[in-house]
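J.: For reference, the structure I am asking about is given below.
The values are calculated or read from the model by the stated rules, or taken from the named source; none is laboratory data. Note that this is a predicted model, so its numbers are computed, not measured. In this analysis, Cβ positions are derived from the backbone assuming ideal geometry, glycine residues included, and neighbour counts consider all displayed protein chains. Side chains are part of the model used for accessible areas, which takes the heavy atoms of the whole protein and leaves out ligands, DNA and RNA. Shrake-Rupley method; radii C 1.70, N 1.55, O 1.52, S 1.80 Å.
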Amino acid sequence: MALPTSSAITLNINGEKHSLPVDHRTTLLDALRERLDLTGTKKGCDQGQCGACTVLIDGRRAVSCLQLAVAAEGREVTTIEGVADGETLHPVQQAFLDLDGYQCGYCTPGQICSALGVIEEHAAGWPSAVTDDVRPEAGPPQLTPDEISERMSGNLCRCGAYVSIVQAVARAAGIAAGDAQTTADAQTTADAEAAA
């Protein structure tokens, strides 16, 4: 007896349920772009190496080109289309806009989704490969440029807007934490570089 090769699934994308039949081999990326017309999530390398297709699944970062659509059923998927609150940009989006955290913009949706994940991971106290003190009692490490760069390293920007991306993540993280100093430091750095 041959096993079925397709299923009818329901995906919860940006708070809306979408029912569709999919081949079991369909990636979440292809389901989003080709079946649901959510083209904000970009297809870059299609091998999980560039981060252009990053979305949030249950609040955690995932490269959608390596995630099967059937495996996302029953989970909350957030794409770039679901980040803003109506016409009001999310603080991460606003920081990218204010600090020129993009050039061509192709990688920007994945960068923004990844930044949202980075901020949540940092707030939860998750260490990175450059965290000096990983003891739980040390608390979250300071979100330095090195920490941000390491945490965002899975997202490539072929235009090289990394300095502005790091500044944008720092500013948004400061706003999320209510940390006026982090926000002020990010603005001072951005102003100094813009004047140079």
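J.: Among the strands (runs of 3 or more DSSP E) contained in the range 1-112, which hold 2 or more residues that are over 27 Å from Ile148 (Cα atoms), open to solvent by less than 30 Å² (accessible area, probe 1.4 Å) and touching a residue at least 24 places away in the same chain (Cβ under 8 Å)? Reasoning before the result, please.
T.: Working: elements: 6-13, 16-23, 54-57, 60-63, 76-78.
Output list reads 6-13.
J.: Moving on to the next point. Anything in the range 29-53 that is of a type outside the set (Gly, Ala, Ser) and more than 27 Å from Ser19 (Cβ to Cβ)? List them, or say none.
T.: Filtering the range 29-53 down to residues of a type outside the set (Gly, Ala, Ser) leaves 29-30, 32-39, 41-43, 45-47, 49-50, 53.
Scanning the range 29-53 gives Cys45, Gln47, Gln49, Cys50.
J.: Kindly indicate whether Arg75 is under 18 Å from Val166 (Cβ atoms), touching a strand residue (DSSP E or B) at 6+ places or on another chain (Cβ under 6 Å) and not aromatic (Phe, Trp, Tyr).
T.: The answer is no for Arg75.
J.: Thr108 - would you say it is touching a helix residue (DSSP H, G or I) at 6+ places or on another chain (Cβ under 7 Å) and either at pLDDT below 95 or not charged (D, E, K, R) (or both)?
T.: yes
J.: Among the residues of the range 117-145, which ones are in a helix (DSSP H, G or I), touching a residue at least 12 places away in the same chain (Cβ under 8 Å) and exposed (fewer than 15 other Cβ atoms within 10 Å of the Cβ)?
T.: Within the range 117-145, Ala123 is the sole residue that qualifies.
J.: So, in the range 146-166, of the ones that are of a type in the set (Gly, Ala, Ser) and in a helix (DSSP H, G or I), which residue ends up nearest to the chain's Cα centre (by Cα)?
T.: Among those that are of a type in the set (Gly, Ala, Ser) and in a helix (DSSP H, G or I), it is Ser149.
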